[in-house]
């Protein structure tokens, strides 16, 4: 949990749409209960891709920050055309840790995959980078 959430993950996903409609105005920018919809990256990227060439946009995965921080840093530096800074990834730590017991069930993981694949065609239609 992120200390703003009062429901378990599965219940929060089921109630996301209804809760999004009732977020207080001062929190709407953060969308604190938008778990699934914030993961629809193609929808969020489309306005940028309509304005900027694809080669000017770099998309990175959070998993790579955790699993391959050095490789990710090199990729970012190449994209920005700056000198490599290998120490940039040293000392990174979790800022907003989840609490114990937040593990996702296999059933929920499968349902999310199915729901995501149903919308995944939008990602496949995004232009690919030439870099």
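The values are calculated or read from the model by the stated rules, or taken from the named source; none is laboratory data. What you see is a predicted model; the values in this text were computed from it and never measured. Glycine gets a Cβ as well: all are built from the backbone with ideal geometry, and neighbour counts include every protein chain shown.
With (1) within 26 Å of residue 106 (Cβ to Cβ); (2) more than 19 Å from the chain's Cα centre (by Cα); (3) without any contact (Cβ under 8 Å) to a residue 12 or more places away in the chain; (4) assigned to a helix (DSSP H, G or I) as the list, and residue 26 as the residue in question, which single condition is left unmet? Looking at each condition in turn, residue 26 falls short on (1). Looking at 113, 125, 75, just one residue is more than 30 Å from residue 11 (Cβ to Cβ) and modelled with pLDDT under 85, and that residue is 125.
In a residue-by-residue description of the stretch 65-73, the property of being touching a helix residue (DSSP H, G or I) at 6+ places or on another chain (Cβ under 8 Å) and touching a residue at least 24 places away in the same chain (Cβ under 8 Å) applies to at least one position.
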